[in-house]
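**Student:** I have a structure I would like to understand better, so I am pasting it below and will then ask my questions one at a time.
The values are calculated or read from the model by the stated rules, or taken from the named source; none is laboratory data. Worth saying up front: this structure is predicted, and the values here are computed from it rather than measured. Cβ placement follows ideal geometry from the backbone for every residue including glycine, while neighbour counts extend to all protein chains displayed.
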C-alpha cells in the first residue's frame, strides 16, 4: 500500500457506549446483565476505530465535554487513534445497547446530544481547515448537534474539494441535503434516509435506483445505499452494483453501518472502484456485528468475510 495522509473522521455527536448483555430480558421487571462493556462510540468515532483496525491513519474530530468526554478521549488514546476535539461545556452523551440473547434482539437507547455554543463550531472549522491539506479523505458522519449549523457538512465538503480530498457524507435530513450542494464525492444513506431525502416511498429496487440517480443529479458523485440484510446498492454516476453480504450470526449489529463506511473509504483511497470497495465495506460491516462493542472489528474477520461477499454489476 502506498502511504498517504490521515483520514479525517468528523462528527459532532460522539458518545460513550455501554453494552449490556442479558440471557433473557423481561420488560417492567428487574433484569441482571451477565456482561456490561463500556467504550467510545458515535458514528465518526466508530469510523475512526474501524479505519485504525484496517491499517489506516484516522483522526477523530468533533466535540467532547465533561467526564464522559474525558473517558472517550482516554479510550481513543489507548487505541492509538489520533484525535483533535474541541472541548465544550455540554457533557458528552451516553448511549446504551441492550442485548437479549434468548430473543436475539438488540435494542439501542440513544441519549440526544446537547447544544454547543456557536463559537464552538468556529473552533471546529479552525481545526479541520489545516488538517484537510494532504488528507486523502474526509468522512462526515451523523447528526449535527441541536441548534448547530445545518450547512456544516456543506462547508466541510467544500473544503475537502478545494484540497482535492475525497468527501464522504453519512448523514440524513437537512445536513445531507445541504451537503449535496457542494458535490460530495460519495453519500451513504440507508433506504429510509434516501426515501426521506427524495420525499417519497421506495417500495422496490427500481424505485431505489431511480432515487439514487436523483441524488446524483442533485450533486452526489457516488452513492451507496444500505438496507440491513437487504442487498446494498451502489452507483457511480454511470454503473450500478449490487452487493450481497456474508451470512453471519450477529452478536451486536449496532455500528455496522459505520464499519461499512470505514471499509468503503479505506478501499477507495487505495484506488479500488466502487463495486470492489463495497465488497470490503460489506465485509467490515459484517465483521463489526461479530463483536459486542461497535466499531471494534478484527482485521482477520474482514479479510475472511470479504471472500464471501457477492458483488454483481447491474
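**Student:** Scan 67, 120 and give me the residue that is modelled with pLDDT of 95 or more, surrounded by fewer than 16 Cβ atoms within 10 Å (Cβ to Cβ) and in a helix (DSSP H, G or I).
**Tutor:** 67
**Student:** Check whether at least one residue in the range 287-295 is under 19 Å from the mean Cα position of the chain (by Cα), assigned to a helix (DSSP H, G or I) and over 24 Å from residue 184 (Cα atoms), and report yes or no.
**Tutor:** yes
**Student:** Can you pull out every residue in the range 1-40 that is within 27 Å of the chain's Cα centre (by Cα) and assigned to a loop (DSSP other than H, G, I, E, B)?
**Tutor:** 1, 2, 3, 4, 5, 6, 12, 13, 14
**Student:** Hey, another quick one. Condition test on residue 50, is it within 19 Å of the chain's Cα centre (by Cα), closer than 26 Å to residue 21 by Cβ and either in a helix (DSSP H, G or I) or at pLDDT below 95 (or both)?
**Tutor:** yes
**Student:** Also, I was wondering about something else. What number goes with the only condition from (1) surrounded by fewer than 20 Cβ atoms within 10 Å (Cβ to Cβ); (2) in contact (Cβ under 8 Å) with a residue 12 or more places away in the chain; (3) in contact with a helix residue (DSSP H, G or I) (Cβ under 8 Å, 6 or more places away or on another chain) that residue 226 does not pass?
**Tutor:** (1)
**Student:** Okay, moving on. Yes or no: residue 80 in contact with a helix residue (DSSP H, G or I) (Cβ under 9 Å, 6 or more places away or on another chain) and more than 21 Å from residue 130 (Cα to Cα)?
**Tutor:** In short, yes.
**Student:** Let me ask something else about it. When residues of the range 111-134 are filtered for being closer than 28 Å to residue 36 by Cα and in contact (Cβ under 8 Å) with a residue 60 or more places away in the chain, how many remain?
**Tutor:** Total meeting the criteria: 2.
**Student:** Considering the range 152-195 alone, what residues qualify as being part of a strand (DSSP E or B) and surrounded by 20 or more Cβ atoms within 10 Å (Cβ to Cβ)?
**Tutor:** The answer is 166, 167, 168, 169, 170, 186, 187.
**Student:** When the residues of the range 232-272 are narrowed to those that are assigned to a loop (DSSP other than H, G, I, E, B) and under 18 Å from residue 184 (Cβ atoms), which ends up modelled with the highest pLDDT?
**Tutor:** 269
**Student:** Also, I was wondering about something else. Here is a list: 103, 89, 137. Which entry is modelled with pLDDT of 95 or more and farther than 26 Å from residue 189 by Cβ?
**Tutor:** Answer to the selection: 89.
**Student:** Related question: What about residue 37, is it at pLDDT 95 or above, closer than 27 Å to residue 303 by Cβ and surrounded by fewer than 18 Cβ atoms within 10 Å (Cβ to Cβ)?
**Tutor:** yes
**Student:** Consider residue 111 against the criteria (1) more than 30 Å from residue 21 (Cβ to Cβ); (2) in a loop (DSSP other than H, G, I, E, B): it satisfies all of them except one. Which criterion is unmet?
**Tutor:** (1)
**Student:** Turning to a different aspect of this structure: Quick one: which of 240, 235 is farther than 27 Å from residue 108 by Cα and touching a strand residue (DSSP E or B) at 6+ places or on another chain (Cβ under 6 Å)?
**Tutor:** Criteria check complete, one pass: 235.
**Student:** Can you name every residue in the range 48-60 that is crowded, with 24+ Cβ neighbours inside 10 Å and within 13 Å of residue 137 (Cβ to Cβ)?
**Tutor:** Once the filter is applied, which keeps residues that are crowded, with 24+ Cβ neighbours inside 10 Å and within 13 Å of residue 137 (Cβ to Cβ), the range 48-60 yields 48, 51, 58.
**Student:** Looking for whichever is out of contact with any helix residue (DSSP H, G or I) (no Cβ under 9 Å at 6 or more places or on another chain), touching a residue at least 60 places away in the same chain (Cβ under 8 Å) and farther than 23 Å from residue 120 by Cβ here; the options are 27, 35. Which one fits?
**Tutor:** 35
**Student:** State the number of residues belonging to the range 210-220 that are surrounded by fewer than 17 Cβ atoms within 10 Å (Cβ to Cβ) and either assigned to a helix (DSSP H, G or I) or touching a strand residue (DSSP E or B) at 6+ places or on another chain (Cβ under 8 Å) (or both).
**Tutor:** Counting residues in the range 210-220 that are surrounded by fewer than 17 Cβ atoms within 10 Å (Cβ to Cβ) and either assigned to a helix (DSSP H, G or I) or touching a strand residue (DSSP E or B) at 6+ places or on another chain (Cβ under 8 Å) (or both) gives 4.
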